[in-house]
Every structure is written in C-alpha cells, then in structure tokens.
Amino acid sequence: MRFGMNKSEIILSAVKYFGRDAKRINHFMKVYGYAKTIGELEHLNEREQDILEVAAILHDIGIKISEEKYQSSAGKYQELEGPPVAAVILKKLEFPAPVTERVAYLIGHHHTYDKIEGMDYQILVEADFLVNINEDGLDSSKQGLDSIRQIKENIFKTKTGTKILESIYLSKVN
C-alpha cells in the first residue's frame, strides 16, 4: 500500500473497534475480499485499488454508533455516522487527507445507488451486495431470486462483479 500503511493494520483497527461483534467483522472481511478481487480484475489503478480496499474494510464502521444513537443499522445512519469514525481511524494511521476524504465519501454514500461516481464506488457497492444477498437470505426463495435479478439489472455494472453474482446466485437458474 502506497500510503505507508498495510491493510492488515486497518483490519486490526476495525476488529478492535468492533470488539466481540464477529458478525460485523466477518461482514467487512467478506466485502473486502470481493472488493479486492473485483478491483484487481477490473484493473483499477493502484491509488483507486488502495482506496477501494480501505473503504471496503471500513464501509460499515458507522453501524455501531447508529445502533447506539438511533437504535437502527439503517444505511442512512451508517452513511451519516461512518465517515467521522473512519477519519479518526485513518488519522491515527497517518493517512493523507485526500485518501481519507475519498474513503469517507465512499463510506458516506455506500447505500446510495442513484449517483455512483467512480469505479471504487461502483465496486464497493457490488461487493457489499454480494455479501448482503447471502446474509439477508435473498438467495433462498423464488422471490429472492427475482430480487437478485433486479439487483443485477439495476446495480451491477462491472464484468467481474456480474460474473461473481451470476456464478454464486443465478447459475443454477439461468
């Protein structure tokens, strides 16, 4: 990583932040894995790839405060509360301001799908959907399959993300 920080240290910071919340830790690790893979196979430049990976690790960092403050994990609250928490973590790790700003932007918009700007943003959204489809149980019913097809049509734009989505969730039904 060109920002002088290894992603494992960011992961460790996020693990410490979430503490015993294995569900949240496992979620961000899965999103990180998909985001890293999609970004590499879509040939992001190094800066975009690094920003994407950092944002994937920290994308739901606002959920803890959202649940405490609003008794909700709704996306709008995560988008509101996540960027300041991420900024504190990245400042402690001495990230440059422009990187922190883009990561905070991605975290602050990762549940907003109508004006996706940048491949890092697109891939973060796709990676999060790949994980959420399973975690939310959409893949286990006819109605869920219809929802997955809609998600594919309306959200997925990258070749790699689409291939992964089809392979995991739609290959048996296409």
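The values are calculated or read from the model by the stated rules, or taken from the named source; none is laboratory data. Keep in mind that what you see is a predicted model, and the values were worked out from it rather than measured. When we count neighbours, we look across all protein chains shown, and the Cβ atoms used for this are built from the backbone with ideal geometry, even at glycine. Just so you know, the surface numbers come from the protein's heavy atoms only, side chains and all, with ligands and any DNA or RNA stripped out. Shrake-Rupley method; radii C 1.70, N 1.55, O 1.52, S 1.80 Å.
Observations on the model:
- C-alpha long axis of helix 46-58 to longest principal axis of the chain, angle in °: 90 degrees
- The distance between label points at residue 143 and residue 68 comes to 3.5 nm (points 7 Å beyond Cα on the Cα→Cβ vector).
- ³J(HN,Hα), Karplus 6.51/-1.76/1.60, whole Hz, each residue of the range 113-125, x for Gly, Pro: 10, 8, 9, 6, 10, x, 5, 4, 5, 4, 5, 4, 4
- Per residue, the average separation of C-alpha pairs within less than 8 Å and at least 6 apart gives the chain a relative contact order of 23 percent.
- The range 1-100: relative contact order as a whole-number percent, Cα under 8 Å and 6+ apart: 28 percent
- The charge dipole of the range 1-117, taken about its Cα centre with unit charges on the Cβ of Lys, Arg, Asp and Glu (plus for the first two, minus for the last two), comes to roughly 400 debye.
- Acute angle (nearest 10 degrees) that the helix 7-18 long axis makes with the longest principal axis of the chain, alpha-carbon atoms: 90 degrees
- Here residue 152 is the anchor, and the lysines within straight C-alpha reach of less than 24 Å, apart from those fewer than 8 places off in the same chain, are 30, 36, 76, 115, 142, 163, 172.
- Taking the alpha carbon gyration tensor of the range 73-174, multiplying each eigenvalue by 5 and rooting it gives semi-axes of 30, 14, 11 Å, largest first.
- Treating r as the C-beta distance of residue 132 and residue 12 and R0 as 25 Å, the FRET efficiency rounds to 0.55.
- Take the range 1-70 with all the other protein chains still there, run a 1.4 Å probe, and you get 50 Å² of accessible area per residue.
- Whether the range 1-157 is rounded, prolate or oblate, judged on the alpha carbon gyration tensor where a/c under 1.5 counts as rounded: oblate
- Computed over protein heavy atoms with a 1.4 Å probe, the carbon and sulfur contribution to the accessible area of the chain reaches 51%.
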